[in-house]
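One structure below.
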Amino acid sequence: SHHSALPCSRNGEHCPLEEVMRTGSEVGVLHVHYHQTHTEQVQLHAVPILGPQGRIDYVGEYIHPITPMSAVDGGSLLIGRSRAMLHLVSLLQRVAPTETTVLLLGESGVGKERVAAYIHHYSQRGDGPFVVVDCATLGDQLIENELFGHEKGAFTGADARKKGLFETADGGTLFIDEIGDLPLPLQSKLLRVLETGTVRRVGGTDYLKVRVRVIAATNRDPQHAVDHGILRQDLYSRLNVFTVTLPPLREREG
C-alpha cells in the first residue's frame, strides 16, 4: 500500500495516519507546526482512500491553517499549548463552521464567553454581531425584556418599542450565559425561538423571523438541573446538540 506521510503531534496526540489506518474513517486533529521563529496552528484532516479491494490504498491529507485572532476586547482570545487546550481548540474548529447549537459546560471563570466568541469568529457568521446575555445577573422580567424586547405600552414605563437581543443578534450569534438561571416560563419561550426561528416582543402579537445561532453555557451539571426541575428536559435536549466541556485552569499548564 502507499500512504501520504502525516506529521504526528508533539503534544501526545495520536498520529492522524495511524488513527485512519486503525479506524478506517476520517480523522481530524489540531496540530502545532514549530518554526524557527514562531509556531502556527493548523487543522489536519486525514481521509482514507479505498482501492478496488475495499482496502485503504492511500490516505489523503488536508491542511487548513488556522488564522490567529490577534485580539478580542483588547486581549488574545485563547492561549495555551497544553493537551487540554489543544483538544479544546480542535473541538471548536470542528463545530465553529457549522450552524449547530453549542452548549458550553465548565466551572465559573474558565472562559466560556471567550470560547463562545472564538466559535463566533470562526463561524460563517463571523462578520455578524456577537451578543452576550448573562442570565445570572438579571431579574426575571428584565431577562425577558432583554431577550425578546417589548412593544410601546407593553407595561408601565414602556414609552417606546425596544428590540430584544435576539433581534440585535440577527445574522450573528447570541451567547446565553448561565442558562440554568433562566426562569422556567422563559425557558419555554426560548425553546419556541430555537424551534421556529421566530420571536415575539413582550406585548406584541406578531412573530418576527430571526437568523441567530445560539451558544448557551452553564456552570451546573445540566442533567442534575433537569432532574431537579430547574432546567426543562426538552430545552436541554435542544441545546445539547454539541456539548463542549471546558477544562479548568488547573489542567491548562503548558
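The values are calculated or read from the model by the stated rules, or taken from the named source; none is laboratory data. Being a predicted model, the structure only gives us computed values, none of them experimental. No Cβ is skipped: glycine too gets one built from the backbone with ideal geometry, and neighbour counts run over all protein chains shown. Areas reflect the complete protein model, heavy atoms only, side chains present, ligands, DNA and RNA absent. Shrake-Rupley method; radii C 1.70, N 1.55, O 1.52, S 1.80 Å.
With bins 10 Å wide starting at 0, give me the P(r) of region 115-254 over every alpha carbon pair, in whole percents.
Result returned by the calculation: 11, 39, 35, 12, 2, 0.
On a 1.4 Å probe surface of the protein chains, which of Arg200, Arg83 comes out largest in accessible area, and what is the full order?
Arg83, Arg200
According to a simple spin-label model (label point 7 Å from Cα along Cα-to-Cβ), what is the distance in nm between His224 and Leu50?
Distance between the two pseudo-spin positions: 4.5 nm.
Please report the net charge: other residues with Cβ closer than 13 Å to the Cβ of Leu103, K and R +1, D and E -1.
Once all neighbours under 13 Å are counted, the net charge is +1.
Among bridges DSSP assigns within region 148-254, what percent are antiparallel (round to 5)?
45
For the pair Leu184 and Ala154, how long in nm is the line joining their label points, each one 7 Å along Cα→Cβ?
2.3
For Thr156, Thr198, what's the largest-to-smallest order of accessible area, 1.4 Å probe?
Thr156, Thr198
When ligands, DNA and RNA are left out and all protein chains stay put, how many square angstrom of accessible area per residue does region 164-254 have with a 1.4 Å probe?
The answer is 47 Å² per residue.
Taking θ = phi - 60°, what integer Hz values does the Karplus form 6.51 cos²θ - 1.76 cosθ + 1.60 yield along region 145-151, in sequence order, with x for Gly and Pro?
Computed from phi, the couplings for region 145-151 are 5, 5, 6, 10, x, 8, 8 Hz.
May I ask for the Rg/Rh ratio of region 154-231, computed from Cα atoms with Rh as the Kirkwood radius, given to two decimals?
With Rh from the inverse mean 1/r over Cα pairs, Rg/Rh is 1.01.
Roughly how many Å² of Glu195 are accessible to a 1.4 Å probe, to the nearest 10?
120
Could you please put Leu105, Leu235 in sequence from largest to smallest accessible area, using a 1.4 Å probe?
From most exposed to least exposed: Leu105, Leu235.
Expressed as a whole percentage, what fraction of the accessible surface of region 159-254 belongs to carbon and sulfur atoms when a 1.4 Å probe is rolled over the protein heavy atoms?
Its accessible area is 47 percent carbon and sulfur atoms.
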